[in-house]
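To start, the structure itself, in structure tokens.
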Amino acid sequence: MAAAAILIARKDLYLRFSNRASLLFLLALPLGLSLIITLVFGNLGEDGPASLRDIPLAIANLDEGTTQQGQAINFGDGLLQLLGGADLAGGAGAGAAACTFAAAAVSGEPALTLNELFAMQEVQDVAAGRNMVDSGELAALVVIPADFSAGLSPQIGLGADTLYPQAPAPIEVYSDGARALESQLVSAVVTSYSERLLAGNIALGSAINALIAQEPLSALRLAAAGEDEAIAGALACGFADLAGGAVTRLQQAGPADEHDLRQSTRVLAFVGMAQATFFALFAAQFGVLGVIEERQAGTLQRILTTATTRSAFLAGKLLGTWVTALFQLLLLLVALSLFASLIEGRLFFLWSASLPALFAILLPLSLAVAGLGVVLVAFVQRSEQIGAIGALVNIVLAMLGGAYGFTVPEPWSWLSLVHWGVDGMARLGNGDTDVGLNALVLSLQGLALFGIGLWFFRRRVEV
Amino acid sequence: MDTRLAERTTTLETLLEARGLNKQYKREDGSPLQALADVDLGIRRGEIYSLLGPNGAGKTTLISIISGLLAPDSGQVVIGGHDLQRESLAARGLLGVVPQELALYEDLSARQNLRFFGRLSGLRGRDLEQRIDDTLAFVDLTERQRERASRFSGGMKRRLNIGIGLLHRPQLVYMDEPTVGVDPQSRRRILDSVLRLRAEQGMTVLYTTHLMEEAQEISDRVGIIDHGRLIAEGRVRDLVLQAGEQDRLEIDLMDGSRLEAGLLQELERNLPGAARVQLERSDGQGRLVVHADRGRQVLSPLITALGTAGLEVRSVTVQEPNLETVFLQLTGRALRD
């Protein structure tokens, strides 16, 4: 059976790739249309923050705070205010002059404030917040741990041999995988805040400890000064070093590494991948057409009068369609990366986080696409039907999967192989190689679709 | 499989045996259509068997079942001792199919087409290449083997279509109207090929055609199917006799006006085997028409009697009954209807 299936697949691939019309339909057309749709939906011509506003976001601030130099400090509150767009410079109270919040724009260009960027709300119940993300109501939930402030406060004073006896507890950003761009923005702001906070505290703490080590009496003077509300406030503010200015614009001066990309590139990666998957679905239709054409030409009947089973024939068609879809997807990814390289001004591959992970998505995704074709084979009897039925199925799957620029709430989107493919690729685009679930679901979808198609083909389809 | 039937198949050298085949379809209005009703069919090794039937008679259904493309509602097909249902691959391995419609890949060359179907039939390596060469020579396409089939003439495509069915040297080859739409020269070549298959390779051929003269020329036996039933089966001559048709002798006379009614009655009475004697006149010409069981045996005494009566014979034609007349008599329809 395997030999016959491979033989049929080889013949199909030879015929497909030696035919100019097939190549145009399979490769050039999706490439062109994909780029056009990406440009239209992705607002590539308006590369700026205007397309991203009011990202729905919630914060669960569990931070219990700490005391530094007699002053109560709660870095969680700081982050809460930062994401809420508060003017921390004015709101810091005592010592405000020392805590200048660098909200100025980079290069003098008008900045998008965090207040405009995020539509933030505070939640008390972490589980409820997660549910809101799962349902698509929120783009992300930020969970600030109870010991966040304590973990970030350095040990200062005599005998303090290390600034941080314990590693600071990380802030958790629970995000919607389908809203990769928004999720990444939230993560970027939170990460920047934490890192700048940590860096500032290390620097200041180290300086004070060095001073105490050289002149132990300075510890006493520091302690005395701590009684002064203004000085204590300044010290606390210094420790806080609120770094809200790190995210004043969406677009930085230039990408520092492959994960620091322009917005337009990220849009291209996400929408482009969705489009690539959408067009890969047409490879499935091509597979169906192949079966119908063979039936009409009589070659299907002739094959089935040899020692070839229906299962082998269909497996051969699946294999041929699988390889075609994989080839089409790879070509589109390379092309999208070239477009992205043009935008970024440097040559790179958008999904280079992990090649094994990339193929762990692409292989089952193209399998699922081919499996869909096998199901269509069982239900489409004439070539005229494939245009209507195939296109309808493709559009529904693409819509559920987010290929048209909007997302459908889970669990409906889970039904679409486009969702799992695009989600997996979005993760890879963000440097996240944890795509095992996506690969598993796509594989199962592919096998299930093939099984269903084969069952109907063996029982229903007259040749 | 049914052991008794399998044993019988082998012992009688019957290559294909179908027994009790039934198949029913549903019409669009939901009413049943009996496409096959208790059809029994046996084809012996090395014979050419023609299956004849008007459109809608059940011929395609029967052939589809024998080819393994369609499952019967009931009944059994055994090819070379293998039950087609239970030992499907083994049975189908003995079968070669030459469909009426060209079933080949137009974008592949003749050689590529043969290689593809040869591999599907389990041929590999040198054996495959040798058989491809032999087949190309057999269907006279060696010179054009590298060209795409789309560039071939209709006759060449048809020959390639035949070659694909013969490549793996099946024991039984089914040919569905292989001469449809070809020029007389290609038709002659195809018919000669069929006869050579049997003569040189001992191949068994199941042949369907709309052309009675073809069936009559190449067939050892003929089966006639109508309304889903095999209504007659046997050698052509036997079928003709079975149908009770007589030879028709036409004697054109130099001067038919001299033929008297009394002579007609005398001929009808005295000629051995003559059933009916009549005179057809037109424009002063006369034609004597004699219906007899064995026309050629009547011919000699008839000519003698006419000479004795002083009548000069201009020409003589003997029309023996053929399949066409048998078919018409059995089905009430001409085969092309």
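First check a/c for chain B, with a ≥ b ≥ c the square roots of the eigenvalues of its C-alpha gyration tensor; if it is under 1.5, answer rounded, and if not, answer prolate when a/b is larger than b/c or oblate otherwise. Don't skip to the answer; put the middle values down first.
Numbers: a/c = 2.58, a/b = 1.81, b/c = 1.43.
Prolate, because a/c is 1.5 or more and a/b exceeds b/c.
Quick one: accessible area per residue over chain B, 1.4 Å probe, rounded to a whole number of Å²? Please report the intermediate quantities before stating the final value.
Working: 15690 Å² over 337 residues.
In whole numbers, chain B has 47 Å² accessible per residue.
Counting only protein chains, not ligands or nucleic acids, how are B:210, A:419 ordered by accessible area (probe 1.4 Å), most first? Before the final figure, lay out the partial values.
Values: B:210 40, A:419 15 Å².
Of B:210, A:419, the descending order of accessible area is B:210, A:419.
For a quick check: with amide H placed at 1.01 Å from N, whose amide H comes under 5 Å from residue B:109's, ignoring anything fewer than 5 positions away on the same chain?
Under 5 Å from the amide H of residue B:109: B:149.
Expressed in whole Å with the largest first, what are the equivalent ellipsoid semi-axes of region B:103-225 derived from the C-alpha gyration tensor as the square root of 5 times each eigenvalue?
Details: eigenvalues 118, 59, 28 Å².
So the equivalent ellipsoid measures 24, 17, 12 Å along its semi-axes.
Give a residue-ordered list of calculated ³J(HN,Hα) values for region B:206-217 (Karplus: 6.51 cos²θ - 1.76 cosθ + 1.60, θ = phi - 60°; whole Hz; x for Gly, Pro).
Calculated HN-Hα couplings, in order: 9, 10, 10, 7, 9, 9, 4, 5, 5, 4, 5, 6 Hz.
Taking the Cα centroid of region B:283-324 and of region B:76-100, what is the distance between the two, rounded to the nearest whole Å?
50 Å
At what distance in nm do the modelled label points of residue A:338 and residue A:381 sit from each other, each positioned 7 Å from its Cα along Cα→Cβ?
4.5 nm
Could you give the alpha-carbon Rg of region A:318-463 over 2.2 N^0.38 Å, rounded to two decimals?
Relative to the 2.2 N^0.38 Å estimate, region A:318-463 comes out at 1.12.
Over what distance in Å are the Cα centres of region B:187-227 and region B:116-157 separated?
The distance from the Cα centre of region B:187-227 to that of region B:116-157 comes to 22 Å.
Within 10 Å of each Cβ in peptide A:295-303, how many partner chain Cβ atoms are there on average? Round it to a whole number, please.
Values: counts 0, 1, 6, 8, 10, 2, 8, 14, 4.
Mean shielding count: 6.
Please list, by residue number, everything in region A:406-448 whose backbone N is under 19 Å from a paramagnetic label point 7 Å out along Cα→Cβ of residue A:131.
Once the point is set 7 Å along Cα→Cβ of residue A:131, A:409-412 turn out to lie under 19 Å by backbone N, inside region A:406-448.
Total accessible area buried between chains A and B, 1.4 Å probe, in Å² to the nearest 100?
Working: alone 20820 and 16720 Å², together 35440 Å².
Counting protein atoms only, the buried area is about 2100 Å².
Give me the accessible area of residue A:1, 1.4 Å probe, in Å² rounded to the nearest 10.
Approximately 130 Å² for this residue.
Would you mind giving the mean number of other chain beta-carbons within 10 Å of the Cβ of each residue in A:307-318, as a whole number? Numbers along the way, then the final one.
Details: counts 13, 6, 3, 0, 0, 1, 1, 0, 0, 1, 0, 0.
Counting other chains' Cβ atoms within 10 Å and averaging over A:307-318 gives 2.
Full extension from residue B:238 to residue B:188: what is 0.36 nm times the residue separation minus their Cα-Cα distance, to one decimal in nm?
My answer for the length gained is 15.4 nm.
Extension gain residue A:172-residue A:433, at 0.36 nm per residue separation less the Cα-Cα distance, in nm? Before the final figure, lay out each step's value.
Details: separation 261, 0.36 × 261 = 93.96 nm, distance 1.80 nm.
Full extension of this stretch gives 92.2 nm more.
On a 1.4 Å probe surface of the protein chains, which of A:322, A:351, A:412 comes out largest in accessible area, and what is the full order?
Details: A:322 70, A:351 5, A:412 160 Å².
My answer, sorted largest first, is A:412, A:322, A:351.
Just grab the label-to-label distance for residue B:296 and residue A:3, each label 7 Å out from Cα along the Cβ direction, in nm (one decimal).
5.3 nm
How shielded is B:67-76 by partner chains, expressed as the average number of their Cβ atoms within 10 Å of its Cβ atoms?
Across B:67-76, the average partner-chain Cβ count within 10 Å equals 2.
Given q = 0.16, 0.20, 0.21, 0.22 Å⁻¹, what are the Debye log10 I(q)/I(0) values for region B:247-320, with equal point scatterers placed on the Cα positions and solvent ignored?
Debye intensities relative to I(0), on a log10 scale: -0.47, -0.75, -0.84, -0.93.
With all protein chains present, calculate the accessible area of residue B:189 using a 1.4 Å probe and round the result to the nearest 10 Å².
80 Å²
So how far apart, in nm, are the two label points at residue B:143 and residue B:260 if each is 7 Å from Cα heading toward Cβ?
A separation of 6.8 nm, rounded to one decimal place.
Go through B:170-180, A:374-384 and give me the packing order, highest mean Cβ count within 10 Å leading.
Peptide ranking by packing, descending: B:170-180, A:374-384.
Quick check: with the 1.4 Å probe, what order do A:450, A:339 take by accessible area, largest first? Before the final figure, lay out each step's value.
Numbers: A:450 40, A:339 60 Å².
Ranked from most to least accessible, the order is A:339, A:450.
Could you report the accessible area of residue A:55 in Å², rounded to 10, computed with a 1.4 Å probe on the protein chains as they sit in the structure?
Answer for residue A:55: close to 0 Å² accessible.
Can you list the equivalent-ellipsoid semi-axes of region B:159-226, largest first and in whole Å, using the square root of 5 times each Cα gyration tensor eigenvalue? Spell out each step's value before the answer.
Details: eigenvalues 61, 48, 26 Å².
The equivalent ellipsoid of region B:159-226 has semi-axes of 17, 15, 11 Å.
Name the residues of region B:118-132 whose amide N is less than 18 Å from a point 7 angstrom out from the Cα of residue B:196 along the C-beta direction?
B:130-132
Using only Cα atoms, tell me the angle between helix B:295-308 and the longest principal axis of chain B; keep it within 0 to 90° and round to the nearest 10.
Tilt of helix B:295-308: around 20 degrees.
Using only the alpha-carbon atoms, how far is helix B:261-270 inclined from the longest principal axis of chain B? Give it as 0 to 90 degrees, nearest 10.
60 degrees
Can you give me the % of accessible surface on chain B that is carbon or sulfur? Probe 1.4 Å, all protein chains present, nothing else counted. Could the numbers behind the result be given before it?
On the way: 6890 of 15690 Å².
Carbon and sulfur atoms account for 44 percent of the accessible area of chain B.
The values are calculated or read from the model by the stated rules, or taken from the named source; none is laboratory data. Everything quoted here is computed from the prediction, not taken from an experiment. Virtual Cβ from ideal backbone geometry, glycine too; neighbours counted across all protein chains shown. We work out accessible area using only protein heavy atoms, side chains counted, and drop any ligands, DNA or RNA first. Shrake-Rupley method; radii C 1.70, N 1.55, O 1.52, S 1.80 Å.
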